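Report on the following structure.
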Amino acid sequence: MKGTTYKAAKPMVFTASLLLLLGGCTQDAKLAPGESPAVAAVTKELGGSRFLKAHSQRNAQGYTIESGKLTDSLKGTVVGALVMVTDKDGAITAFIDRDGQRGILRLDAKGKKMFSPDAELAFPDHDSIETTEAATVGDTHNTSNVVTSNAVTYIDALVGFTAKALAAREVDPIAFALGQMEWVNLSLRNSRVNNIELRLAGVRVTDQDIPVTGGGLSTWQTQLRAQRANYLSDINVGFSVGGDASGWAYRPGYSSVNSILGTSPFKHELGHNVGGAHCYPNAGDNYRHGFNAGGGFTTNLCGNGRPYYSTPDVTVDGKVIGNAEKADMARLWREQAGRLSRYSPAFEGKRMIYTSYQQDASLSFQFNSQRSMGGVVALSSEVGPTSLTYGGPGGTTLKVKLQGGDGNERLVNFRAVLQIEGCPESTTMNSYVVCHPDFLGAEKRLTLSYHAEDNPELPQGWYSGAVQLKALATDDPDWSLPILVSLAVKR
């Protein structure tokens, strides 16, 4: 790991010269028939690389996440990877991780492009702090930890950003966080670990300056761990700027602090949370290491050149990318996923995440029956209406306690409406009215927004928190759908 750095540069407006940096003429880029608009837009900028999409998913909030390998268009060898997150308005955040160029390409809904190269980041020999977690790393006798079935084990991540970090990278925090989750998931799938997956539990933003240091790691863990009961999250992830490394993590553990200026830190530091170390024999004579396969092909933890975790079961471009005795992080992931997924009980419902970087946030859902009528209510009358009503056009005010940078909670007002697909007007969120019986089974969409004029006495700064709502149906009193809302707004 020592000596791995990326070239420093400031964010710049995307120009034609960057096409050369990305590896060649745009006509060399290949696009599969019927490909998505996001892939079409970004592939034009990849030059001599070909994108082999391996995964595509659209979540309930309208974000589309796509990922896959980048290969040399002539040789066919793997040269990197691409992760793209497209929001509901069509804005794209593309993470490019390839030889010679790593960074974020952003295309707004109008097609304006900006490329932000990764900064120079140091991966020192020691960027983890040893801990004594209850579950012994690599203890296969602890069968409650080991993932053996085909059922997916989900690990829910609460992601925090400092305001300085967001200003430095100029990204949508939700898109950035979703992209970082996908970097890990792509690395796992590439290494044939198909039954472990990271999910985004929520986003928090703080005005506090928390650097990328061992002390910053401790601060992030203290702050985010205190929110577990509110977000039902398992692992803590902080994104900051400044400090003395690209990232820090507890090994083994559940918290990391990562530089937002890099593409690789999080998938590297999370490997430490799992219990892994850098290149053999950094952690001693065992298999808990990344791997250098030679020829520039290095896995997460040992070089970070390609989005893979070490495993002797995968061969790429004729190279085995692990060793059963010295570098098998895929095995370690399977052994530790149970621990990482059990810091909070699983949330059986839908999550909704909103920050001030979006005009509003929407969540789509349907009732248990195609003929049901219903709406969304609060769990407390202090937050909003707790029962359904035959409403009509209009909106609902939600009053939510959010935590400011000083640690104190303040009431913040939000607007919420319910839209039924096919109906021309939105209603209050707890209204079960529909515009026509034909739309009883249509998809419902809850939309939430923050407006400064609704909060005139709120002091300047960022406020974060979570609140639970639930969808109810008029004809089925035994059915409900929990909705956990993560909020981070700036006054």
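Exactly one of (1) of a type in the set (Gly, Ala, Ser); (2) under 20 Å from the mean Cα position of the chain (by Cα); (3) surrounded by 17 or more Cβ atoms within 10 Å (Cβ to Cβ) is unmet by residue 372. Its number?
(2)
When the range 305-341 is examined, which residues are found to be part of a loop (DSSP other than H, G, I, E, B), of a type in the set (S, T, N, Q) and farther than 16 Å from residue 189 by Cα? Step through it out loud before you land on a result.
Here is the first cut: in the range 305-341, the ones part of a loop (DSSP other than H, G, I, E, B) are 305-314, 317-318, 321-322, 324-326, 328, 341.
From the residues that got through so far, the ones that are of a type in the set (S, T, N, Q) too are 310-311, 341.
341 - this is the single residue of the range 305-341 that is part of a loop (DSSP other than H, G, I, E, B), of a type in the set (S, T, N, Q) and farther than 16 Å from residue 189 by Cα.
It is to be established whether one or more residues within the range 446-460 are under 27 Å from the mean Cα position of the chain (by Cα), surrounded by 16 or more Cβ atoms within 10 Å (Cβ to Cβ) and part of a loop (DSSP other than H, G, I, E, B).
Checking the range 446-460: not a single residue is under 27 Å from the mean Cα position of the chain (by Cα), surrounded by 16 or more Cβ atoms within 10 Å (Cβ to Cβ) and part of a loop (DSSP other than H, G, I, E, B).
Out of (1) of a type in the set (A, V, I, L, M); (2) at pLDDT below 90; (3) within 21 Å of residue 261 (Cα to Cα), what's the single condition that is false for residue 91?
It is condition (2) that residue 91 fails.
Could you please let me know if residue 311 is surrounded by 24 or more Cβ atoms within 10 Å (Cβ to Cβ) and at pLDDT below 95?
no
If I filter the range 274-308 down to residues being touching a Ser or Thr at 6+ places or on another chain (Cβ under 9 Å) and polar (S, T, N, Q), which single residue comes out as surrounded by the most Cβ atoms within 10 Å (Cβ to Cβ)?
Per the criteria, the residue is 299.
Exactly one of (1) crowded, with 16+ Cβ neighbours inside 10 Å; (2) modelled with pLDDT of 95 or more is unmet by residue 397. Its number?
The number of the failed condition is (1).
Give the residue that is surrounded by the fewest Cβ atoms within 10 Å (Cβ to Cβ), with candidates limited to residues of the range 219-262 that are among the hydroxyl-bearing types (Ser, Thr, Tyr) and in contact with a Gly (Cβ under 7 Å, 6 or more places away or on another chain). Give the steps one after another, and end with the answer.
From the range 219-262, those among the hydroxyl-bearing types (Ser, Thr, Tyr) are 219, 222, 231, 233, 240, 246, 250, 254-256, 259; that's our starting set.
Filter once more, keeping what is in contact with a Gly (Cβ under 7 Å, 6 or more places away or on another chain): 231, 233, 240, 246, 256, 259.
Details: 231: 23, 233: 27, 240: 29, 246: 29, 256: 30, 259: 27.
My answer is 231.
Only one of 391, 407, 422 is within 27 Å of the chain's Cα centre (by Cα), more than 30 Å from residue 294 (Cα to Cα) and part of a loop (DSSP other than H, G, I, E, B); which? Outline the logic, then answer.
Values: 391 fails: within 27 Å of the chain's Cα centre (by Cα); 422 fails: within 27 Å of the chain's Cα centre (by Cα).
On inspection, the qualifying residue turns out to be 407.
May I ask you to verify whether residue 268 is part of a strand (DSSP E or B) and crowded, with 24+ Cβ neighbours inside 10 Å?
Working: part of a strand (DSSP E or B): no; crowded, with 24+ Cβ neighbours inside 10 Å: yes.
Spelling it out, it is not the case that residue 268 is part of a strand (DSSP E or B) and crowded, with 24+ Cβ neighbours inside 10 Å.
Filter the range 274-314 for residues that are in contact with an Asp or Glu (Cβ under 9 Å, 6 or more places away or on another chain) and among the small types (Gly, Ala, Ser) and give the result.
Correct list: 275, 293, 295, 296, 305, 310.
What residue, of 293, 249, is of a type in the set (A, V, I, L, M), closer than 18 Å to residue 69 by Cβ and either in a strand (DSSP E or B) or assigned by TED's automatic domain parsing to the domain that holds residue 464 (or both)? So that I can check it myself, show each step before the final result.
Values: 249 fails: closer than 18 Å to residue 69 by Cβ.
From the options 293, 249, the qualifying one is 293.
The values are calculated or read from the model by the stated rules, or taken from the named source; none is laboratory data. The structure presented is a predicted model; accordingly, all values stated were derived computationally and were not measured. Cβ sites come from the backbone with ideal geometry, for glycine too, and all protein chains shown count toward neighbours.
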